[in-house]
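Novice: The structure is given below, and queries will be raised subsequently.
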Amino acid sequence: MDIEPTFSKTNPTAGVVGQPMSRVDGWAKVTGRATYSAEYSGLPGLVHAVLKTSDVAHGRVQSIDVSAAQRAPGVLAIFTHQNLPKLAKTPNSPDDRKAFVSSPMGFFPMESDQIFYAGQPVAVVVADTLERAQYAASLLKVSIVPEATISSYLDPKAQLYTPKTVKGMPGVTKRGDAQEAFAGAPVQLTATYTHATIHHNPMEPGATTAHWEGPNRLTVYDSTQGVSETQKTLAAMLGLATEQVRVVCKFIGGGFGCKAWVWPHTTLAALVAKAVGRPVKLVLTRPQQFTSMGHREEQAQTLRLGATREGKLLALIHDKSSTTSPWDDYAETNTRITNMLYALPAFEGTYHLAHANVMTSTATRAPGDMPGAFALESSMDDLAYQLGLDPIQIRLLNYADKDPSNGHPWSSKSLKQCYQRGAELFGWNQRNPKNGQTRAGKTLVGWGMATASYPVHNSQGNARVRLYADGHAVVQAGATDLGTGTYTVMTQVAADSLGLPPENIRFELGDTDLPSTQWSGGSTAAGRVSSSVYLAAQDVWQRLIKVAVQDNKSPLYRAKIEDVMVVKGQLLFRTDPDTGEAFGEVMKRAGMSDIEGSALGRYGSSYEAPRAAANADPNKKDHASEHSMHAFGAHFCEVHVDPELGTVRVTKWVSVIAGGRILNPKTARSQVMGGSIFGIGAALMETTERDPHLARYTNADLAGYHIPVNADIPDMTVEFIDEHDPYVNAMGVKGIGEISIVGTSAAVANAVFHATGRRLRSLPMTPDKVL
Ligand code: MOS
């Protein structure tokens with residue numbers, strides 16, 4: 001059976017999918033009616049917890065004098081490593097961590113007297129008000145015996161090693177003989193790129209409200225990108241069955257990867273709530289945010305690029321060095337993109353890590369691909385200048401018609417269209433091929449561009465649709481909306497799938513009581529959840545057609561199921577579309593007030609045969625095993641550089657993205673602008689400075705940590721290539737949350753080079769480096 005949705009490829013604009021609908025949750029957000037995880041204030045007896053953290057990066061707690069704090073007004077309890085209730089399982093063994101699903105760090109604080117990083121929690125104070133908890137925490141006298149500290153991979157005491165694996169990728173990747181190919185290459189480029197530590201800094205910090213409704217019934221309101229992952233992880237650590245933990249997250253004030261995992265503050269809130277027998281709220285302060293939810297690690301990448309004199313790549317050798325925590329072999333996987341972006345016969349990538357006294361770094365918007373693209377796209381720009389080629393030309397010369405990293409064909413690739421459209425919108429053909437030649441007054445003007453790419457990751461999850469005879473529907477999936485528009489786009493998909501106006505749809509998410517689906521991470525949510533909503537609606541129609549063809553009062557009586565199609569809520573004969581009836585008629589005669597359908601949506605299942613995909617073995621990877629699935633794009637940037645002050649101002653920006661079906665061009669445009677602004681921040685401003693002796697952050701607040709504000713950003717042009725990918729998932733959606741940042745800092749650096757003739761390879765490109 002093949003049921004026509006109104007957004008089918010034959011009629012893509014008939015419904016609201018693909019229309020720039022405004023956010024369905026916009027009013028609730030701007031009027032304060034959207035409830036965030038720290039705003040469940042009505043819970044009976046709610047009290048407040050604050051963390052006391054270590055100023056010392058390595059050592060042992062000698063004593064914590066709690067006497068003054070205990071006497072302070074309103075204090076209910078003070079927990080240190082000596083009296084914190086024990087966890088059923090800690091994440092300290094790798095096997096346990098696997099079972100936890102979402103525990104990012106092989107260490108849990110306050111289990112012993114050991115201190116491994118500055119900002120590590122040493123005590124939790126619980127009091128009746130936030131202010132009283134904060135005051136009591138200020139009275140704690142913590143004495144720590146310091147030990148020798150290693151601040152980063154750059155520390156002379158640090159020892160670099162190559163791990164067996166990083167995030168499931170081998171520590172060393174080899175394809176062909178890159179060393180030999182590089183040695184024999186007529187053109188050789190070697191360059192090292194360095195990156196500062198950067199932090200996600202969502203507007204809403206980490207926040208947890210934990211409520212025990214019985215000894216074995218925990219509800220947690222947590223600012224998380226994945227309610228199911230948080231549920232499973234908390235259950236394992238607290239010794240509960242999964243279904244004994246409910247996790248709710250209706251609204252998130254940004255995440256960018258730091259809320260993709262379960263960090264200690266969430267588990268601590270649940271532990272102390274049980275101990276004091278009251279609901280507990282714990283909100284990280286801005287400085288605590290810098291040492292509680294991971295960061296993008298500081299790193300250096302050396303690229304050795306071999307090419308022919310015509311500009312054809314022959315070999316790439318990529319070495320990355322970075323800092324990891326004392327327990328984990330974590331590095332973002334930069335070699336993924338450098339191995340696949342261009343037709344490249346030989347590749348070698350190696351990770352070098354050093355343990356230091358910092359917490360484990362973590363996924364930050366386009367982990368690996370973002371810094372990897374900075375290095376590769378800067379090097380490609382170098383190669384273009386060296387050979388006197390246009391930067392777009394060198395990329396077309398090395399265009400990969402299949403994925404060089406595994407030899408698979410692309411599920412779809414519209415990168416050439418991105419280059420072409422981006423160049424058109426930007427006016428690239430007006431570019432002076434020589435650098436340092438264009439001025440506006442005394443200001444140097446430069447243009448740069450870079451390629452973007454991000455994979456479509458493995459992902460699957462459930463959705464449920466309940467259609468009512470009166471013409472409204474409730475649609476549910478335990479997804480999360482990072483603020484980027486999940487509520488809105490799923491309302492659109494449900495509306496079109498059911499043939500109803502969007503105002504008749506209520507889409508619910510952010511609760512483990514809803515059908516389970518995976519996190520909003522890795523740019524997977526839009527594709528996965530829209531596919532499962534679409535397929536769940538098809539399940540409803542299939543059930544309803546069965547009712548109609550058995551009803552002797554229906555015009556479809558005794559029709560073959562496969563002869564019936566559904567168009568905008570009308571059940572019609574495929575060969576005689578004038579004959580049929582509305583779904584409400586079928587339901588009323590059958591005495592049904594509502595009907596429910598559900599489905600599993602997953603990646604790699606075909607848009608062409610959605611039913612088959614919905615019923616297929618979820619472990620079988622069908623199209624995903626045959627195709628390489630990626631979104632592609634191109635960013636174009638103009639900068640003005642003040643030659644006296646060394647300041648760089650981005651004055652023009654164009655992004656063109658091919659990300660499969662774009663469900664809503666308005667929210668999509670905002671998301672791509674957000675990613676580009678994030679990338680401009682990393683390019684020009686963002687850096688968390690860790691003191692090399694104390695291994696302590698010195699600018700852990702938004703006064704010292706600079707991010708772009710409106711005045712730093714020009715009007716941005718964002719366009720999407722109309723792309724139909726028949727393989728990625730049932731809705732043909734690739735996801736755009738992360739590709740939007742990939743390549744952005746290279747586009748800025750390449751523009752700075754064009755303006756000044758200075759190749760900056762160290763992020764951020766602050767004035768001291770520009771001069
Ligand atoms: Mo993302 S960095 O997968 O939240």
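The values are calculated or read from the model by the stated rules, or taken from the named source; none is laboratory data. Quantities reported herein were computed from a predicted structural model and do not represent experimental measurements. Using ideal geometry, Cβ is built from the backbone for each residue, glycine included, and neighbour counts are taken over all protein chains shown.
Let's see how each residue does on (1) away from the ligand (no atom under 16 Å from the Cβ); (2) touching a Leu at 6+ places or on another chain (Cβ under 8 Å):
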position	(1), (2)
F182	yes, yes
E204	no, no
H211	yes, yes
V220	yes, yes
V227	no, no
A236	yes, no
C249	no, no
G257	no, no
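Novice: Looking only at strands (runs of 3 or more DSSP E) that fall completely inside the range 174-249, which ones have 2 or more residues that are within 29 Å of A300 (Cα to Cα)?
Specialist: Result: 187-195.
Novice: Same structure, new question: Among the helices (runs of 4 or more DSSP H) lying completely within the range 353-431, list those that include at least 1 residues that are within 16 Å of the ligand (Cβ to nearest atom).
Specialist: Output list reads 369-387.
Novice: Given the structure, is V445 out of contact with any Ser or Thr (no Cβ under 9 Å at 6 or more places or on another chain), surrounded by fewer than 24 Cβ atoms within 10 Å (Cβ to Cβ) and touching a residue at least 12 places away in the same chain (Cβ under 8 Å)?
Specialist: The answer is no for V445.
Novice: Would you pick out the residues in the range 280-303 that are hydrophobic (A, V, I, L, M, F, W, C) and within 19 Å of D155 (Cβ to Cβ)?
Specialist: The answer is A300, and nothing else.
Novice: Does the range 578-594 contain any residue that is surrounded by 16 or more Cβ atoms within 10 Å (Cβ to Cβ), at pLDDT below 95, of a type in the set (F, W, Y) and outside any strand (DSSP E or B)?
Specialist: No, the range 578-594 has no match at all.
Novice: In the range 272-308, which residues are outside any strand (DSSP E or B) and touching a helix residue (DSSP H, G or I) at 6+ places or on another chain (Cβ under 7 Å)?
Specialist: Result: P279, L284, S292.
Novice: Further, regarding this structure: Pairs needed: first member in the range 77-89, among the hydrophobic types (A, V, I, L, M, F, W, C); second member anywhere, part of a loop (DSSP other than H, G, I, E, B); C-beta distance under 7 Å; at least 6 residues apart or different chains.
Specialist: Final answer for the pair search is I78/V66; L84/M110; L87/F108; A88/G239.
Novice: It is to be established whether one or more residues within the range 336-351 are under 21 Å from C637 (Cβ atoms) and within 16 Å of the ligand (Cβ to nearest atom).
Specialist: Within the range 336-351, one or more residues are under 21 Å from C637 (Cβ atoms) and within 16 Å of the ligand (Cβ to nearest atom).
Novice: Now a separate question. Could you say which residue among A269, A260 is within 26 Å of the chain's Cα centre (by Cα) and over 27 Å from E332 (Cα atoms)?
Specialist: Answer to the selection: A269.
Novice: For Q570, which of the numbered conditions (1) over 35 Å from the mean Cα position of the chain (by Cα); (2) within 16 Å of the ligand (Cβ to nearest atom) fails to hold?
Specialist: It fails just one condition, (2).
Novice: Please determine, by comparing only the residues of the range 60-73 that are assigned to a loop (DSSP other than H, G, I, E, B) and surrounded by 17 or more Cβ atoms within 10 Å (Cβ to Cβ), which one is farthest from the chain's Cα centre (by Cα).
Specialist: Among them, the one singled out is A72.
Novice: Looking for something part of a helix (DSSP H, G or I), within 20 Å of A634 (Cβ to Cβ) and more than 16 Å from the ligand (Cβ to nearest atom) - is there at least one such residue anywhere in the range 437-447?
Specialist: Taking every residue of the range 437-447 in turn, none turns out to be part of a helix (DSSP H, G or I), within 20 Å of A634 (Cβ to Cβ) and more than 16 Å from the ligand (Cβ to nearest atom).
Novice: When you go through (1) small (G, A, S); (2) surrounded by 14 or more Cβ atoms within 10 Å (Cβ to Cβ); (3) not in a loop (DSSP other than H, G, I, E, B) one by one for A57, which number turns out not to apply?
Specialist: (3)
Novice: In the range 682-738, how many are part of a helix (DSSP H, G or I) and either within 16 Å of the ligand (Cβ to nearest atom) or assigned by TED's automatic domain parsing to the domain that holds A525 (or both)?
Specialist: Counting residues in the range 682-738 that are part of a helix (DSSP H, G or I) and either within 16 Å of the ligand (Cβ to nearest atom) or assigned by TED's automatic domain parsing to the domain that holds A525 (or both) gives 1.
Novice: Tell me which residues, restricted to the range 27-39, are surrounded by 13 or more Cβ atoms within 10 Å (Cβ to Cβ) and assigned to a helix (DSSP H, G or I).
Specialist: A28, K29
Novice: Taking D481, is it acidic (D, E) and either over 24 Å from V742 (Cα atoms) or not in a loop (DSSP other than H, G, I, E, B) (or both)?
Specialist: So D481 fails the test.
Novice: Only residues that are assigned to a loop (DSSP other than H, G, I, E, B) and either more than 16 Å from the ligand (Cβ to nearest atom) or surrounded by 24 or more Cβ atoms within 10 Å (Cβ to Cβ) (or both): list them for the range 519-540, please.
Specialist: W519, S520, G521, S523, T524
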